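Quick note: the coordinates plus some simple rules give every number you see, no bench work behind them. Keep in mind it's a predicted model, so treat the numbers as computed, not measured. As a convention, Cβ positions derive from the backbone with ideal geometry for all residues, glycine included, and neighbour counts pool all protein chains shown.
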Amino acid sequence: MANIRLIPRLDIKGPNLIKGIHLEGLRVVGDPQVYAVNYYESGADELLYMDIVASLYGRNNLSDIVKSAAENVFIPITVGGGIRSVADADQLLRSGADKVAINTAAINDPELISKLSQRFGSQCVVVSIEAKKQSGGKWECYVDNGRERTGIDVVNWVREAITLGAGELLITSVDKEGTRKGFDLELYKAVKDVATIPLIACGGMGCLEDFDNVVKDGGVDAVSMADVLHYNRLTLPQIRSAALDSNINVRQP
Amino acid sequence: MKITVVDYGIGNLLSVVRGFQRIGCDVQLAAAGEEIVSASRLILPGVGAFGDGMEEIRRRNLEEPIREYAESGKPLLGICLGMQMLLERSFEFGSHNGLGLIPGSVIEIPKQTPAGNTHKTPHIGWSGINKDEVSWEDTFLQTTSPNSPVYFVHSYMAAPPIEYRLASCDYNGVSICAAVKNGNIYGTQFHPEKSGPIGLEMLEQFLTL
C-alpha cells in the first residue's frame, strides 16, 4: 500500500484563493502562493488547484499561478478547471502542472480522456467528478461546480472513465463540500469496488475523525482538504500524526 | 554549476528546471545534438508513453548524441520515462526499442500482488526507497537514508538485471526498481524534483558526481 496522500485543495477565482460552501457562496481567503508554499513546507503530499469559474467562462487563467508555484513548491501539482482540449492541458503541463483534472469537458466529450491519456500518459489524467446524492443509494454527476445536472450515474461514469484511460479519480461530494460535516462515506464505499485506479476523496473534512473514516471505511487512496487547512482548524502535521497513531500509513517527511 | 536538460518536446521540463535552479544551477535546455555532447552533466526527463518519447528523440536525431555523451563517462540522470528509455526495450503499447544504455526491459507493473490480490495501477504516491544490489556510496543517494519517501507515478517499471539495481521500493509486495546505475549512467523511476527536500538533496548530490 502506498502512503495515503494529503492533498490541500486551492480553489482559485481570478488571482485569489477562495472558498465556498457546496461549491457556492464564495469568499476570498488570500494569496494562493502564500498558502501553497506554507502547505509545501508543512508536508503536503501534493497540491490541487481548481479554477472554479473557468468552465463557466470557457477560459483558463491558472498557468501564471501554477508557474509561480512551481518555483517554490517541489511536490506534484494537479490543475483543473476549464480544460477543454489537449492544447489546454499541454499549456498547463508546460507551466509546471504534473496532472490535469477534467470534469465538464470529459462529460461533454468522453473521448477527451483517451486523447489526454494517449498524449501525456494516463498517470497525468485525473477525472474529477462532482457527485450529488439522489434517492435509492445513487449519485448523479454534476458539472460547473455543482450547478448543472447531467443525468449520469456516478458509478457508471467511474467505470467508463477508467475504461477510457483515466489515471486517477477525484470525487467531490457537492452535498458535503465546505460543510465541515464529514465526508460522504456511502459515496466512496459505492465507488471503491469499481475504482481500479487511485481515488481521491474531497468535500467535508471538519475533524481528524473524518479523515480516519474516509480512509478506513471509504477506502480512498488520498484525501483532499481545503477549508480545514485554510482557516487553520487543523494543520498537516496534526493530521499526519493522528493518522500514524491510528495505523494509517502516511508519508513522514 | 551548469546542468543540461534534454528538450525533446515532450513532458514537463519546467519542474526539473526549477528543481535544479533551486539548488543554484545554471540550467540549459538542449534540443540539438552538439549541446548534448558538450554538456558536463546531462538530465533526460520525461513523462508519457515510451514509444512516443523514443520517437521524439529519434525524430530530432538525439539518440546518437545521447549515446555519445553516455560513452564519454560524464554523469547522466534519466528521470521517470527518462530512466525507462535508458533500457533496451519497453512493452508499453507494443514493443519499442530504447537507448540500450542499461540492459533489460520495461514491463507493466503486475496487476496482481504476490498474494494474489488485485491492486491499483498506476502506482501513484510516496513510497520509501531501499538499498538494492548496487551500493549507494558515491552515487546521488550517498546522503539519503533508507526508506526515504519519494514520489512515484507510473504504470510500467524497469526490469534490469540485478547488478544494475540501485534502489527499490515495495508496492503491495511487488518489488519495483526505483533507481538504476551503470557506471556514470543513473536513472530514477521516481521524481526527485517532486519529492520535496529529500529529492532536492539527491539532485544536489548528483552535482558532486
Expressed in Å to one decimal, the Kirkwood Rh of chain A from all distinct alpha-carbon pairs is 17.7
Which is farthest toward the positive dipole end of the range B:114-166 among B:Trp136, B:Ala159, B:Gly125, measuring Cα position about the Cα centre, with Cβ charges +1 (Lys, Arg) and -1 (Asp, Glu)? B:Gly125
At what distance in nm do the modelled label points of B:Glu34 and A:Lys115 sit from each other, each positioned 7 Å from its Cα along Cα→Cβ? 3.9
Which lysines does B:Lys131 reach when only Cα atoms under 28 Å apart count, and residues fewer than 8 places away in its own chain are ignored? B:Lys74, B:Lys111, B:Lys120, B:Lys181, B:Lys194
In chain B, whole DSSP H helices that both stretch 20 Å or further along their axis by alpha carbon positions and average at least -0.5 on the Kyte-Doolittle scale are none
Return the distance in nm (one decimal) between the two label points of a simple spin-label model at A:Arg27 and A:Thr179, each offset 7 Å from Cα along Cα→Cβ. 1.8
Would you mind counting up the charge near A:Arg147? Only other residues with Cβ under 11 Å from its Cβ, with Lys and Arg at +1 and Asp and Glu at -1. -2
If you put +1 on each Lys and Arg Cβ and -1 on each Asp and Glu Cβ, how big is the dipole of chain A around its Cα centre, in Debye rounded to 20? 120
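Chain B: longest stretch without exposed GluC sites (Glu not before Pro) (DSSP loop, at most 16 other Cβ within 10 Å), sites themselves excluded?
So the longest stretch without any such site is B:1-87.
Within 12 Å, Cβ to Cβ, of B:Thr118, how many net charges do the neighbouring residues add up to if Lys/Arg are +1 and Asp/Glu are -1?
Numbers: positive: B:Lys111, B:Lys120; negative: A:Asp193.
Taking every other residue near B:Thr118 into account, the sum is +1.
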Note down the relative contact order for the range A:137-253 as a percent, whole number, built from C-alpha pairs under 8 angstrom at least six residues apart. 20
Relative contact order of chain B, defined on C-alpha pairs under 8 angstrom at six or more residues apart (%): 20
Under a plain spin-label model, where a point goes 7 Å from the Cα along Cα-to-Cβ, how far apart in nm are B:Arg60 and A:Asn38? 4.0
Mean per-residue count of partner chain Cβ within 10 Å for A:70-82 equals 4
If one puts a single equal scatterer on every Cα of the protein assembly as shown and applies the Debye formula without solvent, what log₁₀ I(q)/I(0) results at q = 0.08 Å⁻¹? -0.43
Treating the beta-carbon of each Lys and Arg as +1 and of each Asp and Glu as -1, no other charges, what is the dipole magnitude of the protein assembly as shown about its Cα centre, to the nearest 20 debye? 620
Here the relative contact order (percent) of chain A, from C-alpha pairs under 8 Å and at least 6 apart, is 19
Average other protein chain Cβ within 10 Å of Cβ, residues B:139-150: 1
Net +/- balance of residues flanking B:Leu203 in space, Cβ distance below 13 Å, scoring K and R +1, D and E -1: +1
The longest stretch of chain A containing none of the trypsin sites (Lys or Arg not before Pro) that sit in a DSSP loop with at most 16 other Cβ atoms within 10 Å is A:60-137
